[in-house]
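Working notes, beginning with the structure itself.
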Amino acid sequence: MNEPTPGRPEGPGPYREAESSTAETPERSGFLAYFAQNTVAANTIMLVLIAGGLAMLFTTVKQEVFPEVDIDTVLINVPYPGASPAEVEEGVALAIEEAVQGLDGVKEVRTTAVEGNAVVAVELLIGTDNDRALNDVKSAVDRITSFPEDAERPVISLATNRRQVISLVLHGNVEQAEHVLHDLAEQVRFDLLEKDGITYVEIDGTRPLEISVEVPQRRLREHGLTLGQVAQSIRQANVEIPGGGVKTRSGEVLLRTTERRDRGSEFRDVVLRSRADGSQLRLGDVAEIEDGFREEDRESFFNGQRAVMVNVFRVGEETPIEVSDTVKAYLEEELVHRLPPGIEATTWNDQSEVYADRIDLLARNAWIGLILVLVILGLFLEPRLAIWVTLGIPISFAGSLLFLPSADVSINMISLFAFIVTLGMVVDDAIVVGEAIYQKRSEGMGFMDAAIAGVKEVAVPVLFAIITTCVAFSPLLFVPGVSGKFFRNIPIVVISVLLISLIESLLVLPAHLSHKMPWQLRFLLSPLLVPLELLAKLRVDKGLAWFIRKAYRPSLGAALRWRYLTFAIACALGLGTCGLPAGGR
């Protein structure tokens, strides 16, 4: 092959329209040649990648701040009111550890014993069936008979990493602030759940509700009662149980006892004792009943004021940005106009802002990359080639979205980082193929022959370049544990984007460069083509060709002739670079 000329040749060459030339005509057969000649097939692939990817983005691909994955941990929570940490450990924690330690699939057991509560985390081995392990742990804990009498029933569940999107903080200094804020938070929670796009809302920062019944000792002695009798009467009067059914001619009537009481005032008429004269002693006659909160050392403040938080989570196909916008719209349009005097509402810990910033970073980097590729290729190659090569970036990104749902990968902070990483690599293979086709055109080949010869010449190097990059990222697929479930987002995104870019550069790009651009498409892309054609008139490629011929090539020849001197200079520079900081300079 003749020595290539980097610049655009004078006169006839790559810009002439004739397909005949003095250059060797490549064989128009084979897989790559078929797609280079069949523009319909190439355009079909391109449209499927773009349309299918966008359809997946708006219908199937989940959007979340961080991936929600299974933690592979079973949590056992046992309340033990009034017990010290040592008593919790001896009476509850050690018994649970001994019961679950030998179960199948258990990797490690960690216990946290604090005043009045024990939390046991059972970490499972990789590959263990979580549901089966949960049932095994429940069965093992249920068989424990040595729990203290005052210990409450264990609560056993699988650990989750469900993440909230935004918090709505209600705060203010008013009389009975905790009661007012709690009732307002409950109303806000119900209002938000009625909104489209919000499914799960929790209240945090307040103590659990509790109805306290205090009976003075003198009242018990006065009426000959004990606390046990009072508790039994309350228990019997506060039931809600099914009572079966009665079949009638018109159908079956279900019976149910509905005596559940939810407020302190409803307990005042509980009958403690019925006298022979027909009079009754009621709970309100002997006890002080109050709606309050459980006694816990817990208070929440926001800007120095008592506060309650309403946490809103993303569920299912909801997106963080949509959930956040719904909460902010509710705050500005509804809640702020009906807040009680002295109470304010503020959004806090809005995770959608971080998510939106990452999307904005990806978009800005993508635009910068598109512009740089357009400008550089327009200066050194040709405008039409620059446009088609640049389109490889959005095509590859859109096409990769087709595979994310099947790989259980969402659009999140980690996968967006992977997209940013691929921005610098995704267009490399398209540039190599485009430059090879341009070089064949510079040698005198026509459009079709240059496209076929160029893609065949660099197909193998491009293929192995993509494969080696995919192999470099593939070890992240095998990171064990919970961290591996997060890291797997990176290689899946990178590999899928690179494989789509390989398809685009080998099958789609040559078809677009195998003929002149139709006038309809040229008119549509004129806002891009006209500036690029003005850049091309600067003839920067001529300057590059002169630099290579007059400066680079003689310098390279001298370095090869004096190779030992060149190697010595390189070693001296390396030693000097390391020696300067080592010497304190």
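The values are calculated or read from the model by the stated rules, or taken from the named source; none is laboratory data. If you're wondering where the values come from, they're calculated on a predicted model, not measured in any experiment. Every residue, glycine among them, receives a Cβ derived from its backbone with ideal geometry; neighbour counts consider all protein chains shown. Side chains included, ligands, DNA and RNA excluded: accessible areas come from the protein's heavy atoms. Shrake-Rupley method; radii C 1.70, N 1.55, O 1.52, S 1.80 Å.
Brief remarks follow.
- All of (1) open to solvent by 50 Å² or more (accessible area, probe 1.4 Å); (2) closer than 30 Å to THR39 by Cβ; (3) in a helix (DSSP H, G or I); (4) modelled with pLDDT under 90 hold for LEU580 with one exception: (2).
- Scan of region 100-125 for residues that are of a type outside the set (Val, Ile, Thr), over 24 Å from PRO480 (Cβ atoms) and surrounded by fewer than 20 Cβ atoms within 10 Å (Cβ to Cβ), ordered by number: GLU115, GLY116, ASN117
- Long-range neighbours under 7 Å by Cβ, at least six apart or interchain, first residue open to solvent by 10 Å² or more (accessible area, probe 1.4 Å) within region 492-511, second of a type in the set (Gly, Ala, Ser) and at pLDDT below 90: ILE492/ALA407; LEU507/ALA42
- Of all the listed residues (ALA453, ALA436, ALA465, ALA459), the sole one being closer than 24 Å to ALA386 by Cα, in contact with a Lys or Arg (Cβ under 7 Å, 6 or more places away or on another chain) and not polar (S, T, N, Q) is ALA453.
- Residue list for region 399-419, filter: more than 26 Å from LEU507 (Cβ to Cβ) and either open to solvent by 30 Å² or more (accessible area, probe 1.4 Å) or part of a helix (DSSP H, G or I) (or both): ASP408, MET413, ILE414, LEU416, PHE417
- In region 130-176, residue modelled with the highest pLDDT [restricted to those that are under 30 Å from GLU344 (Cβ atoms) and surrounded by fewer than 19 Cβ atoms within 10 Å (Cβ to Cβ)]: ASN173
- Candidate set from region 38-62 (those that are of a type outside the set (A, V, I, L, M) and surrounded by 18 or more Cβ atoms within 10 Å (Cβ to Cβ)); member that is modelled with the lowest pLDDT: LYS62
- Test: LEU423 is aliphatic (A, V, I, L, M) and at pLDDT 90 or above: no
- Residue check, LEU272 open to solvent by less than 20 Å² (accessible area, probe 1.4 Å), among the hydrophobic types (A, V, I, L, M, F, W, C) and touching a Ser or Thr at 6+ places or on another chain (Cβ under 8 Å): no
- Among the residues of region 188-208, those identified as of a type in the set (A, V, I, L, M, F, W, C) and either open to solvent by 50 Å² or more (accessible area, probe 1.4 Å) or part of a loop (DSSP other than H, G, I, E, B) (or both) are PHE190, LEU193, ILE198.
- Filtered residues of region 210-258 (kept if surrounded by 13 or more Cβ atoms within 10 Å (Cβ to Cβ), in contact (Cβ under 8 Å) with a residue 40 or more places away in the chain and not β-branched (Val, Ile, Thr)): GLU210, SER212, ARG219, LEU220, HIS223, LEU225, GLN229, SER233
- Selection count, region 154-189, where residues are in contact with a strand residue (DSSP E or B) (Cβ under 8 Å, 6 or more places away or on another chain), among the charged types (D, E, K, R) and farther than 19 Å from VAL327 by Cβ: 1
- Within the option set TRP348, TRP367, being open to solvent by 50 Å² or more (accessible area, probe 1.4 Å) and touching a residue at least 24 places away in the same chain (Cβ under 8 Å) holds for one residue only, TRP348.
- Of all the criteria given as (1) open to solvent by 20 Å² or more (accessible area, probe 1.4 Å); (2) over 21 Å from LEU402 (Cβ atoms); (3) without any contact (Cβ under 8 Å) to a residue 40 or more places away in the chain, the one not satisfied by ALA93 is (1).
- The set of residues in region 1-29 being surrounded by 14 or more Cβ atoms within 10 Å (Cβ to Cβ) and either outside any loop (DSSP other than H, G, I, E, B) or modelled with pLDDT of 50 or more (or both) consists of ALA23, THR25, PRO26.
- Test result for PRO394, part of a helix (DSSP H, G or I), at pLDDT below 90 and open to solvent by 40 Å² or more (accessible area, probe 1.4 Å): yes
- For region 275-297, a residue qualifies if it is touching a residue at least 24 places away in the same chain (Cβ under 8 Å) and open to solvent by less than 90 Å² (accessible area, probe 1.4 Å), and the qualifying residues are LEU281, LEU283, VAL286, ALA287, ILE289, ASP291, GLY292, PHE293, GLU296.
- Test: residue in region 458-474 that is without any contact (Cβ under 8 Å) to a residue 24 or more places away in the chain, touching a Phe, Trp or Tyr at 6+ places or on another chain (Cβ under 6 Å) and either under 16 Å from GLY392 (Cα atoms) or surrounded by fewer than 18 Cβ atoms within 10 Å (Cβ to Cβ) (or both): no
- For first residues located in region 374-388 and crowded, with 24+ Cβ neighbours inside 10 Å and assigned to a helix (DSSP H, G or I), partners that are acidic (Asp, Glu) and modelled with pLDDT under 80 and lie 6+ apart or on another chain with Cβ distances below 9 Å form the pairs GLY378/GLU533.
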